[in-house]
Number of protein chains: 2
Amino acid sequence: MDSLMMDYQLTLTGILRRAKEVYPERELVTRLEDGSLHRYTYGEFYQRVLKLMQVLRAQGVKPGDRVATFAWNHARHLELYFAVPCLGAVLHTLNIRLFPDQLSYIAEHAEDQIIFADSNLLSQLEEVQDELKTVRQFVVMDDSGTLPETTLSPVAEYESLLAAQEAVEAFPDLNEQAPAAMCYTSGTTGNPKGVVYSHRALYLHSMCACMNDVLAIKEADVILPMTSMFHANCWGIPYAAVMTGAKMVFPGPNPHSAELVDLIEREKVTFCSGVPTIWNMLYQYLQTNPRNVSSLSNIVCGGSAVPKSLMQKFDETYGVTITQLWGMTELTPLGTVSQLKNDMMEWGADEQYAMRGKQGVPVPGVEVRILDNDGKPQPWDGESIGELCVRGPWVASAYYNNPASAASFTEDGWFRTGDVATMDTRSFMQIADRTKDLIKSGGEWISSVEMENALMAHPDILEAAVVARPDDQWDERPMAYVVPVEGAGDRLTDEVLYDFLLEHFAKWQVPYKGDYRVIDAVPKTSVGKFDKKVLRQQYLESRAS
Amino acid sequence: MDSLMMDYQLTLTGILRRAKEVYPERELVTRLEDGSLHRYTYGEFYQRVLKLMQVLRAQGVKPGDRVATFAWNHARHLELYFAVPCLGAVLHTLNIRLFPDQLSYIAEHAEDQIIFADSNLLSQLEEVQDELKTVRQFVVMDDSGTLPETTLSPVAEYESLLAAQEAVEAFPDLNEQAPAAMCYTSGTTGNPKGVVYSHRALYLHSMCACMNDVLAIKEADVILPMTSMFHANCWGIPYAAVMTGAKMVFPGPNPHSAELVDLIEREKVTFCSGVPTIWNMLYQYLQTNPRNVSSLSNIVCGGSAVPKSLMQKFDETYGVTITQLWGMTELTPLGTVSQLKNDMMEWGADEQYAMRGKQGVPVPGVEVRILDNDGKPQPWDGESIGELCVRGPWVASAYYNNPASAASFTEDGWFRTGDVATMDTRSFMQIADRTKDLIKSGGEWISSVEMENALMAHPDILEAAVVARPDDQWDERPMAYVVPVEGAGDRLTDEVLYDFLLEHFAKWQVPYKGDYRVIDAVPKTSVGKFDKKVLRQQYLESRAS
């Protein structure tokens, strides 16, 4: 017998239409370059998406064509998030923080045909325009609706293009397996690799994000995405927000702590996403510039391990919970979320922080294994480590046009994340380290992440990174780099740091005196993660010189 | 270009495995026939499902075979909810409240091969056993694990069958489109019609039920399903609960208010589902038997319109919100949910109740239209009425083996619900009436549902039903049947009721004096809905005699 359910395709068109039909009155707010706020409703947003689809049709965009964005977080970017995929084309979000050669490599590899770019980012594109051989049209997005001077060609202006079109409600019938978006991983080694998302993956991921035990996004939320829309679908938050009619507040170009805090206060933001570094900066800012951020009820944080000290600061100062997530570009990106289970609500603070410091349980839809070198699943005992492997309806099955793709998947179809992790008896996952970030000293492993977490709990330390340096006797030894809080640099002597770490680690694990460095900032990748490659390189260069 | 996401199938197997991997410690509690409570964990549940799958294999169950249940709400029923579909077979939940001829019709129409039946329900099956020509095996579920005397044959006992099997982790690879379950609609006219659910539909429906703006089911919930597991997947609650690791409390055989309230208090139930009649009875019971039900945080109510008076009672007495749902067997069953939108939280109580008294906004995944007789979509203005039509990934596309199926669907593939409804400017749907429940008096429509709601707000009235009676002059006139609260029967005179309705309706709409009846109970269908067919029949018979 066959099932007798409708063959209803899960597409972004369904999400878009729902926002217009069920939540036409809800607002979308954008901070413009001049600091003023632009606001319109989902109803108006919908009409503009229809016009934008007509613009794309007029430009000759065909199903499967790649249409790229090079933009900050704003409502126009959200219009592209829907218009491009709902037409059957593929939204390719280019990372605005990439080096020129990476940018041109990615745009060419993806065969981008049109790039929609913010006017304040044009110089970066102009620099590489000769390399952008597949691009046949640039469209500039500017708040004033005028075209700035640029060497890009051919070039058009966004608002003028929209103004020339009618809003026509004509959606192609799309299969849910059709490609909707793509994003390149910003790996710290090798060439960037392209992930191609389906409509189905983005739809299911949106439902998941709205589940109560995941991100719990709801209509009543006012969402400020401090994560970038050019990175991993902005953690899937925009699509989930539109699905459930949440109000969104876009921070616009190059926001700093002052602007972000201002938006939180003025728009009564309830839900906010960002990497630990941003939250650390925001906290520091608030210490000297107190503002009312009491509307915040849910902070989600990921990208790198969330230090206990950061969670504690927000708990104690603002009474708001930072929920840790783990995800990857290859996972659309949600993989795990660290919500305390029911019985853990009765635990003491230390035990709770220990769990919240882990990356959490697999979200519904994502299955997790940790495999040893022979591909054998390891027990979930909190101690056995192995490579974290995942599968699910929003997990990549291959990289785009990449012959080395197969190495990232097991023979039976699980994605190999490259992270080394444990699963504990309560099914909480903890990333030990990227395989390449483990430090092997005298044949024993030292976890750089654990040591960084310990250092960041020190009141004088803002950020810390621990990397391996070559060592003749032990093969590798840990080196600790610390960023002091303002004015504390002098207090962070080798003796202080050594003694502090001795409280938490075995003596053989603690970096030798002489292996500590006080620095101004930890180098970051283009998506805000610690870039340890740079630190290792600096160390080697300092030895060589 | 193709998308590059895993071809991961959305099946109940994934939900089952998640509960075992992520929430093995969470409990399932069942009230047994002797009043004691049985409890075990999802981890133990999983092992028993594995054994049950082996039992089914040993019985020769093949993919697509129908395996039926005839049972109350209990953990064994939940084991069957998973073991049957995860094997590729089809779980057919038989309604234990059907008349014998309906029961045998349905079991034969579905070609049930095995029936798992509660020992305390055997007499109903014995009565029709000669008609159950496709059934080749009965399995009796009894708390004592012994086989009671029965004429059913061949017959086996559940616990003995399980005890003879090992837990073997062998799941067939299932396509998400494979049939997983079926349920017959308990329509008040014509033969019952079978709906066949796919794994995909049940999986997506479970995600939807856990979304924050839908049922918001979460791990921390303690769920008491007072809706029947034999009806419309128990509103999808069991599958959603297992997906998110919520604790479940099953009320077991034939629960009354005393037992239900006892379970709520003892197990600290947070989430509870039921039709308005049950909540009304529960409230009445609590008035004379006060208990601590303060753990309740979310009551979901549907099946028929939820009277304002009922919501008000729970708001004012217990501070717990009754959320109204609308669904149908053909929708797995969730269609709309009546959660106040963000801005409505600032409204006055009357305006809020007016919205909460509607059936609410379409849930993510379900699209809604109201169509006039020519199939033309009507505006969402709160006044234009039309037939409610829906589509979505968990909406039926046809009835099983039913040549009249096509009449229930529009040419472009929407399901025609048979309900007449309005959509208002805030996208809240309100059922006016079943097409056949509208009263046409002098060419104008009178809504029986609105009149019933008005009557039920009267302090002396527990329940009310309004039906059409034939009338020579006006074609039809409304007749009102009211069930008094205890001791109030004498006060409900025709004069009192007439004057009361005049406050809310135009004079021509109000039933004439002489057209009111005080009755002991409103006749109900097998799933607890008002059975107006019976009232109309009684009226005609009383005129004839």
B:Lys358, sole failed condition from (1) more than 28 Å from B:Met207 (Cα to Cα); (2) within 14 Å of chain A (Cβ to nearest Cβ); (3) among the basic types (Lys, Arg):
(1)
Restricting attention to the stretch B:375-393, and to residues there that are away from chain A (no Cβ under 13 Å) and part of a strand (DSSP E or B), which single residue is surrounded by the most Cβ atoms within 10 Å (Cβ to Cβ)?
B:Leu388
Specify the residue that is farthest from B:Gly357 (Cα to Cα); the eligible residues are those in the stretch B:394-452 that are in a helix (DSSP H, G or I) and open to solvent by less than 50 Å² (accessible area, probe 1.4 Å).
B:Ser405
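So that you can scan it fast, the table gives a plain yes or no per residue for (1) within 14 Å of chain A (Cβ to nearest Cβ); (2) among the aromatic types (Phe, Trp, Tyr); (3) within 13 Å of the chain's Cα centre (by Cα):
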{"position": "B:Ser304", "(1), (2), (3)": "no, no, yes"}
{"position": "B:Pro307", "(1), (2), (3)": "no, no, no"}
{"position": "B:Tyr318", "(1), (2), (3)": "no, yes, no"}
{"position": "B:Met344", "(1), (2), (3)": "yes, no, no"}
Out of A:Ala488, A:Ala432, which single residue is of a type in the set (A, V, I, L, M, F, W, C) and over 24 Å from the mean Cα position of the chain (by Cα)?
A:Ala488
Looking for whichever is closer than 22 Å to A:Glu444 by Cα, of a type outside the set (Ser, Thr, Tyr) and not in a loop (DSSP other than H, G, I, E, B) here; the options are A:Arg517, A:Arg469. Which one fits?
A:Arg469
Scan the stretch B:274-287 and give yes if some residue there is surrounded by fewer than 16 Cβ atoms within 10 Å (Cβ to Cβ) and either outside the structural domain of B:Lys532 (by TED's automatic domain parsing) or modelled with pLDDT of 95 or more (or both), otherwise no.
yes
How about the stretch B:406-437: which of its residues are free of Cβ contacts under 8 Å to residues at least 24 places away in the same chain and more than 23 Å from A:Met5 (Cβ to Cβ)?
B:Asp433, B:Arg434
Meets criteria (in contact with a Pro (Cβ under 6 Å, 6 or more places away or on another chain), open to solvent by less than 10 Å² (accessible area, probe 1.4 Å) and in contact (Cβ under 8 Å) with a residue 24 or more places away in the chain) for A:Val368:
yes
May I ask you to list the residues in the stretch B:235-259 that are open to solvent by less than 10 Å² (accessible area, probe 1.4 Å) and part of a helix (DSSP H, G or I)?
B:Gly236, B:Ile237, B:Pro238, B:Tyr239, B:Ala240, B:Ala241, B:Val242, B:Met243, B:Thr244
Given the criterion out of contact with any strand residue (DSSP E or B) (no Cβ under 9 Å at 6 or more places or on another chain) and more than 19 Å from A:Cys234 (Cβ to Cβ), identify the matching residue among A:Ala163, A:Ala178.
A:Ala163
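Conditions (1) within 13 Å of chain B (Cβ to nearest Cβ); (2) touching a Cys at 6+ places or on another chain (Cβ under 9 Å); (3) hydroxyl-bearing (Ser, Thr, Tyr), marked per residue:
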position: A:Pro276; (1), (2), (3): no, yes, no
position: A:Leu296; (1), (2), (3): no, yes, no
position: A:Met311; (1), (2), (3): no, yes, no
position: A:Met328; (1), (2), (3): no, no, no
position: A:Asp350; (1), (2), (3): no, no, no
position: A:Ala354; (1), (2), (3): no, no, no
position: A:Val366; (1), (2), (3): yes, yes, no
Among the listed residues A:Val483, A:Val522, A:Val496, which satisfies the condition of being more than 22 Å from the chain's Cα centre (by Cα), hydrophobic (A, V, I, L, M, F, W, C) and not in a helix (DSSP H, G or I)?
A:Val483
Six or more apart or on different chains, Cβ under 7 Å: which pairs go from a residue in the stretch A:280-292 that's farther than 14 Å from A:Val306 by Cα to one that's among the acidic types (Asp, Glu)? Could you list them?
A:Arg291/A:Glu265; A:Asn292/A:Glu265
Can you find a residue in the stretch A:329-339 that is acidic (Asp, Glu), open to solvent by 50 Å² or more (accessible area, probe 1.4 Å) and either free of Cβ contacts under 8 Å to residues at least 12 places away in the same chain or closer than 27 Å to A:Val522 by Cβ (or both)?
no
Residue that is surrounded by the fewest Cβ atoms within 10 Å (Cβ to Cβ) [pool: residues in the stretch A:207-230 that are among the small types (Gly, Ala, Ser) and under 18 Å from B:Leu340 (Cα atoms)]
A:Ala220
Complete set of residues in the stretch A:288-305 that are closer than 21 Å to A:Thr185 by Cβ and open to solvent by less than 10 Å² (accessible area, probe 1.4 Å):
A:Val300, A:Cys301, A:Gly302
Would you check if there is a residue in the stretch B:197-210 being part of a loop (DSSP other than H, G, I, E, B) and of a type in the set (Lys, Arg)?
no
Determine whether A:Thr323 is open to solvent by less than 20 Å² (accessible area, probe 1.4 Å) and β-branched (Val, Ile, Thr).
yes
Do we find that B:Asn292 is part of a loop (DSSP other than H, G, I, E, B) and either in contact with a helix residue (DSSP H, G or I) (Cβ under 8 Å, 6 or more places away or on another chain) or not aromatic (Phe, Trp, Tyr) (or both) in this structure?
yes
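The values are calculated or read from the model by the stated rules, or taken from the named source; none is laboratory data. This is a predicted model, so every value here is computed, not measured. Glycine gets a Cβ as well: all are built from the backbone with ideal geometry, and neighbour counts include every protein chain shown. Each accessible area value is taken on the protein alone, full model and side chains, heavy atoms only, with ligands, DNA and RNA left out. Shrake-Rupley method; radii C 1.70, N 1.55, O 1.52, S 1.80 Å.
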